[in-house]
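For reference, the structure discussed in these notes is given below.
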Amino acid sequence: MPKIKVLCRNPDDYLRETKNDIHKVPRSSSAQHPFKEQREYVRTLNAVKLERTFAKPFLGALDGHRDGVNVLCKHPTSLALLLSGACDGEIICWNLPRQTSTAKVQAHEGFVHGMAAHKSGQYFFSCGNDKTIKQWSIDAQGIIGGEPVNTLLGKCIYTSLDHHWKDDIFVTSGSRVDVWDERRSEPLRSFSWGVESVHHVKFNPVETYLLGAAAHDRSILLYDMRGSAPLRKVILKLRTNAISWNPMEAFTFTSANEDGNLYTFDMRNLSMPLNMHIDHTAAVMDVDYSPTGREFVSGGFDKMIRIFPVDKGHSREVYHTKRMQRVGSVRWSRDSKYIISASDEMNIRMWKAVAWEKLGKLAPREKAAMNYSEALKKRYGAFPAIRRIQRHRHVPKHVFNALKQQHETQEASKRREERKRAHSRQGSVPYVSVKKKQMVGEVE
Amino acid sequence: MVGAILLSELPLCERGLAAEADDEEIPSDDEDVAQDVEDRPHARLLDAISSMDGNKRLKHTLRTIHGQNVSEFGFKTQKVDAQTLMSEMMGSLHKSSSHSELKKQLKSVYTTTEVVDTPAPKHIKEKIQRSVGYEKTVKELSKWDPVVTANRKAEQMKFPLEQPTQKLINTHITFRPITALEKEIQAELAKIKPENRIPKGKLFTPAEEEEMKAMSLEEARERRAELMKMRAIMYTKASKLRWQNKIKSKRYRRGKKKEKLKQMEKELEELAVTDPEALMDRMNEVERKRLEERGRLRHMGGGKFARQAKVFSKYDNEKRQQIQDMLSKHKELVKKHRQLPSSSESEDEAEIPNVTAATTVHSKNVWMQPTVSSLASLSVSQNTSAVEVRDDEDEEEEDEEEAKERKFLASFDVDETDDEDDDEDDDEDDGEDVEGDDVEKSERSEEIAAVSAPPLQQVEAQSVQEDETQKTVEIESKKSGKKGRKQRGSTHEEEKRVAEENESKKMETNSQKAGKKSKKQRVSTVVDSTAPPEDEEVETSQSQENDADEFEEVQTKKKKKKSKKQKDTTAQETAQSGQEKHEITAPVISDQEKPELGTTKEAAKPKKNRKRGKKSKNSSSATETAISTEEKALMAVVKGLQTTTNENENPNTNTSKAKKGKTNKKTTDTNTKTDKIPETPADTLMTIAEAFDDDDVVAEFVEEKRRVEEEEGEKDKDLFVPGWGSWAGAGIVPSNKLRKRFIKKAQPQARTDNKIGHVIISEKKNTAVEKHMLDKIPYPYKTLDQMQTTLSKPIGRDFTSETQFRKNIKPKTVVNRIGQVIQPIDDRALLHGGQKRKAVDIELNTKKPTETSAKRKKKGKH
């Protein structure tokens, strides 16, 4: 046989790798990874950059009110529904995923001051400037009955309203705090302490008989619904606009203050706030806890929405848009994923609670990757290069300048105090905690 | 809407209030506002005037907030001027005879009724109510504390908190027999006694449980007994150790130390046999440590501690002692190991004059001075007859010498002479004291034994000489062998001798004074003068070496100081008698003991030294570092090794070598103990400079700088690529010319340290990394080490196992399902603490699952 020469090639050279060719790489010891830290560091850097790239928190705006939106009310059972009350007395029920209104009701003359839904989600109450409390029925699709089921005529303007977490009881505030049974036309109990007029009242979600309220005389009041007398009053330097109880801790609440700070209190020790949350540059109008109790959101007159970790003094996130005006009300959705804000320019906005989070179902691999990058961020978060990227936010000029000014003012006052201390007798100018400085006192 | 926008300038609630403005409740308010504002200062003035009489009046109040209520603080408090008293009203009753009934009633009222307290005012009452309510609530809320803290600390929280759990429980509960076999078995099972049957929801039969209970109790008892026993043992052991740690006895400590040393020696000997390399390592290690210490010069005495101690030492004997120790330590460490002389003895002989010459030249150099031991040996060898020739001049010299010696320590000593006197007095007066101090004495004798050992050269020199010298060597070797035992045994003898001395001290003479010279001084005088008679003296001393003489010599030395003081007063006759006494005592002592005796007497060398030794010996021995002890041990062993190896080779040199070993060991001993003679700071400074005389530091530095420049500077770049501009391939050698053309020469760099000769400024600094570097250690870490160890363990999938990776990346909060409402925490959490799980028990029927699975199968088929 003659020898035939054939052109022959190695299949490895021209065949593509298939999934069957992917071999399991045996895990090697750490000695074989001389650059392991460096690799993880770079991964962190990339993760942080990606985080900033994907940080697109704004989901949409709900347009439909004809006046500034004053109140927001979460639906107790449906995550898709939201109730909002405007300054012209109109109440709208929204379908959030569709971004449409399901029902519109002219509920009050003048402002709608407060709204709260029954835990069943079948009806809700509203109060307004017209000194009435109205009960409205609402179905699962968010259709509000045309006429109120029940109307209570009060003697004074009710400035806020909240519903009990378990029982058929609601509470209103005005010149005094009234606790109402749904079936009665007279309040079950009325609390008053001096001549203050209370503008905000909230039920404790954990110990449901507890009430927190904010009054005009710059005080935060605590009530026990079961008793006849209020519990305690704590007075700050400026007025508290709203309070929110931590849903995971029975005794912790956060107050939104007129001075642009938020104060977290342990109600068992009111001599000093647990924490002071600084970053807003103007009055904070509303605060709401995440249902996980780890964070809360606040909005205020500086047109910013900020998210604070409970145990941190500064916000981890700031949301704003060019058109958003003063924020009157903010709410954290019950699944802890979204934030809803209502502002003066008649719009309701939806935001993601975590700006860079991917919405929807994640593949396990994706989830692991996300978790890995989060773990890395936590691990290397203190490194300057990473920290810089992670903390970088654009804020409007007025906020930027105000923050700068705030910083300068603080520094100046610190300096002044130091000098004062240096030139006076030892001990005559004591060191006082910044948190303590904001307090006027605790009243028994 | 417009109104609302305008009003939006105000905070929300005020907006609401302003918008209200329909004034139903307080119609007058709005009208009066303007006037009120005007009237306010006026009203305030009126208030001030009206309150001048001290009574509180109704103040002018301006109501700013709407409401029906009126402030409780605005009301007038009425002051009661005149109080009507009971007696005033009823006073007239006494006078009238009527109203007897009323009088009786009144009487009973006065005697029996308890007066009820006036009820508290409303605001106080409310306040009490409030505080009581608050305290109660606070107490109630505290039940949440453990849950809240647990949740805050929790590594991971899953939301919603109510998580269903899937738990299997016993399957037999719902078992129903269906088949015939099953029924049969069931019938059989039914016969089983109830105590052998597993009850519902349990894992064991009652009998089994009972058994287990019994077992566990027994076991528990056993275990308990065991534990008790262990604890008792532990306790006794611990207390014993504690007690041992607190022992202050010097003897005990010394014994312990010796034990340690012996142990070490033994170890080393063993090592020498088994693993010579390890031994060498060990030796090298010791040598290295010593060198390090030497380089560091930490014990120099110029430190902060020394300076401070200087101030306080005047009042604090301990401080002084510490300084002493430090200096001695320094000296020990700084001492250069003398080269062991090689075999030839002639060299050794020649060394003696060399050493003496060196002492003349470097009289101030510590390192160049002969060791005390060598001096001692010299002095020992001298003859008393020669000594007697000396007179008062020598004494003066001696004084000077001593003054020199003490120069450095002068500042530490309070009043040395006084102290010495005290010491002497102690020695003289208290025989008991002497007994009590026998520990010290034995120590002293030990030291003395060391002192008496001649330095190497001396021994070498002597070894060549006549029988007498050999004899002494023999004695020495014996001594070193029996040292430990003998010292202890001889303490009593020593005591006696000391007592004798004390007696004899009182009877000293001028003639004896001549003999009481410090070893050092004698040597220096010998060297300085280099007079022939004194040279002769040395020679004669060597040839004439007489034990008795030596003994006497030493004795006299001890008394030198004392006699110095007494020299003017004491008579010659008494001195002679004293001398006689010594001569009597000397022959009584047996030959073996002689050298030792001599050494014990030598203990009474200059009082200063002795006194210092008293305090420092023990402490110094205690403070001796591991290095020194190890060193000693090593040296001993090495010597031993050498001798053993040499034995076979050269039996002639055998004895001398052995001697060497032993003497060397002793010299090290003496160095640690006797070299406490301080010198002036100036001396030390000078000597340091000389010590580093050999090192050419400057040249080294220049070399280093050049190296750094070379390293950091630009290097020539080879840009040559074969094949560019010419052919390339196998067998083609690219031309050198072309290659040269492509080499880019490095440009000379302008370094910052070019003009500064004595500095190296590194040009290596890379600022690119700076932005990635931390200023301080971030929060959870406390030390850099912590952080590094944590970060060095990467969490990624590539570096760890999959399970570990999953553990590593566990997020802190997890929301389990999208679109699920998370309810606030409730009382159920209190029962379980932290995260609560709802137990959803899945009952598994023996049949049902099979049925369902069958169904499923069917469905799958269709």
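Things to note:
- Within the option set A:A342, A:A282, A:A256, being within 12 Å of chain B (Cβ to nearest Cβ), among the aliphatic types (A, V, I, L, M), in a strand (DSSP E or B) and more than 15 Å from A:L72 (Cα to Cα) holds for one residue only, A:A256.
- Among residues of the stretch A:362-384 that are at the interface with another protein chain (Cβ under 7 Å from one of its Cβ atoms), none has a Cβ under 7 angstrom from a residue that is of a type in the set (D, E) and surrounded by fewer than 18 Cβ atoms within 10 Å (Cβ to Cβ) at a sequence gap of 6+ or on a separate chain.
- Unmet requirement for A:T151, which otherwise passes all of (1) surrounded by fewer than 23 Cβ atoms within 10 Å (Cβ to Cβ); (2) closer than 23 Å to A:A215 by Cα: (2)
- Breaking point among (1) among the basic types (K, R); (2) away from chain A (no Cβ under 11 Å); (3) touching a helix residue (DSSP H, G or I) at 6+ places or on another chain (Cβ under 7 Å); (4) under 22 Å from A:Q38 (Cβ atoms), for B:K765: (3)
- Count - residues of the stretch A:13-40 that are among the acidic types (D, E), assigned to a helix (DSSP H, G or I) and at pLDDT below 75: 1
- Test: residue in the stretch A:262-269 that is buried (at least 21 other Cβ atoms within 10 Å of the Cβ), within 11 Å of chain B (Cβ to nearest Cβ) and of a type in the set (A, V, I, L, M): yes
- Check on B:L831, surrounded by 13 or more Cβ atoms within 10 Å (Cβ to Cβ), modelled with pLDDT under 85 and more than 8 Å from chain A (Cβ to nearest Cβ): no
- Within the stretch B:742-772, being without any contact (Cβ under 8 Å) to a residue 12 or more places away in the chain, over 30 Å from A:Y380 (Cα atoms) and charged (D, E, K, R) holds for one residue alone: B:K755.
- Test result for A:F301, closer than 14 Å to A:G212 by Cβ and more than 11 Å from the chain's Cα centre (by Cα): no
- A:R98 passes every criterion in (1) surrounded by 23 or more Cβ atoms within 10 Å (Cβ to Cβ); (2) more than 14 Å from chain B (Cβ to nearest Cβ); (3) not hydrophobic (A, V, I, L, M, F, W, C) apart from (1).
- Applying the condition of being surrounded by fewer than 21 Cβ atoms within 10 Å (Cβ to Cβ) and part of a loop (DSSP other than H, G, I, E, B) to the stretch A:119-129 and asking which residue is farthest from the other protein chains (Cβ to nearest Cβ) yields A:Q122.
- In the stretch A:295-302 there is no residue matching the filter, namely being farther than 30 Å from A:L79 by Cβ and more than 9 Å from chain B (Cβ to nearest Cβ).
- Pair list, Cβ under 8 Å, 6 or more apart: the stretch B:85-97 residue on the phi < 0 side of the Ramachandran plot, other residue surrounded by 10 or more Cβ atoms within 10 Å (Cβ to Cβ) and not charged (D, E, K, R): B:M90/B:L106; B:L93/B:H99; B:L93/B:L102; B:L93/B:L106
- Residue under evaluation A:R388, criteria (1) outside any helix (DSSP H, G or I); (2) surrounded by fewer than 18 Cβ atoms within 10 Å (Cβ to Cβ); (3) within 14 Å of chain B (Cβ to nearest Cβ), criterion not met: (1)
- Residues of the stretch B:758-790 that turn out to be at pLDDT below 90 and within 29 Å of the chain's Cα centre (by Cα), as a count: 2
- Among the residues of the stretch B:801-813, none qualifies, meaning not one is more than 9 Å from chain A (Cβ to nearest Cβ) and in a loop (DSSP other than H, G, I, E, B).
- Those helices (runs of 4 or more DSSP H) of the stretch B:95-159 in which at least 2 residues are within 30 Å of A:L211 (Cβ to Cβ) and either touching a strand residue (DSSP E or B) at 6+ places or on another chain (Cβ under 7 Å) or facing another protein chain (nearest Cβ under 10 Å) (or both), considering only elements entirely within it, cover B:122-141, B:145-153.
The values are calculated or read from the model by the stated rules, or taken from the named source; none is laboratory data. Please read these numbers as outputs of a predicted model, since none were measured by experiment. Positions of Cβ are generated from backbone atoms using ideal geometry, with glycine treated the same way; all protein chains shown enter the neighbour counts.
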